[in-house]
Structures are given as structure tokens and as C-alpha cells.
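Input: a single structure, listed below in C-alpha cells.
The values are calculated or read from the model by the stated rules, or taken from the named source; none is laboratory data. These figures come from a predicted structure and were not determined experimentally. Because the Cβ atoms are built from the backbone with ideal geometry, glycine has one as well, and the counts that use them run over all protein chains shown. Quick note on the areas: whole protein, heavy atoms, side chains included, nothing else; ligands and nucleic acids left out. Shrake-Rupley method; radii C 1.70, N 1.55, O 1.52, S 1.80 Å.
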Amino acid sequence: QVQLVESGGGLVQAGGSLRLSCAASGSMFIINTMGWYRQAPGKQRELVALITSGGSTNYADSVKGRFTISRGNAKNTVYLQMNSLKPEDTAVYYCTARLSSNYWGQGTQVTVSS
């Protein structure tokens, strides 16, 4: 019943920036934890960042200092500001919402060229 809609992926050069957006619909409650995972070809899906409704954040070591996760004024929205992008950031990025079950967006491709 919960659906996540993502936008903002694309192709950028190394050192560039992208901002990913995700909006959850269908939940009667504020979603406590939302975040982003990514999956590169041939690799496991990995955590990028999580944020709670109270603003607590958790980042993968590989993106600390470069990526910033935030919640929108509508609590069931989440953003990922990605700066200083590197080719190794290339992956499909998935928005997630943690409820009684985990919900996932469709994924958005981020490609960073060198």
C-alpha cells in the first residue's frame, strides 16, 4: 500500500552533484525511518544513508562528508544531496521506508563519468 516515488538520477561528471528526491504515499502515519540504498552491477545492495523523523542520520563511511540526507517539510519525503561525486558512486539508488515491512522505490540510475 505504501508507494515510494523517486526522481533526480542522471549522468554527471566526477566532482559534480545530484539531488535525489523520494516521496512516500499511502501511509497513515509519519514514517520513522527513511533512507537510501544503492546497488552497483555485480555488487550487493548497500546502505547509503538513513534518517529518522527526528532528524538522526546514519551514513555509509564511503559517502560521509559528501552526501547529505534530509527530510522534507512533509515527513514522508526524503532527499539525498550528493556532492563531489565519484565514479564509484555509480549505481541504482533506491529509496526505502521502514515500517512493519520495508518498502522500496523503483530505483533511479546515477552514473558518474570520469
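Find all pairs meeting these conditions: Cβ atoms under 6 angstrom apart; at least six residues apart or on different chains; first residue within region 49-69 and under 12 Å from Gln81 (Cβ atoms); second residue part of a loop (DSSP other than H, G, I, E, B) and of a type outside the set (D, E, K, R).
Arg66/Asn83; Arg66/Ser84
From Tyr79, Tyr59, which residue is closer than 30 Å to Ser114 by Cα, of a type in the set (Phe, Trp, Tyr) and in contact with a Ser or Thr (Cβ under 8 Å, 6 or more places away or on another chain)?
Tyr79
Do we find a residue being in contact with a strand residue (DSSP E or B) (Cβ under 8 Å, 6 or more places away or on another chain), part of a strand (DSSP E or B), open to solvent by 50 Å² or more (accessible area, probe 1.4 Å) and modelled with pLDDT under 95 anywhere in region 76-87?
No, every residue in region 76-87 fails to be in contact with a strand residue (DSSP E or B) (Cβ under 8 Å, 6 or more places away or on another chain), part of a strand (DSSP E or B), open to solvent by 50 Å² or more (accessible area, probe 1.4 Å) and modelled with pLDDT under 95.
One line per residue, one yes/no per condition, for (1) modelled with pLDDT under 95; (2) of a type in the set (Val, Ile, Thr):
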{"site": "Gly10", "(1), (2)": "no, no"}
{"site": "Gly15", "(1), (2)": "no, no"}
{"site": "Leu20", "(1), (2)": "no, no"}
{"site": "Met28", "(1), (2)": "yes, no"}
{"site": "Arg38", "(1), (2)": "no, no"}
{"site": "Leu47", "(1), (2)": "no, no"}
{"site": "Ile51", "(1), (2)": "no, yes"}
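Given the conditions (1) within 13 Å of Ile31 (Cβ to Cβ); (2) at pLDDT 95 or above; (3) in contact with a Phe, Trp or Tyr (Cβ under 7 Å, 6 or more places away or on another chain), report the number of the one that Gly72 does not fulfil.
Single failed check for Gly72: (2).
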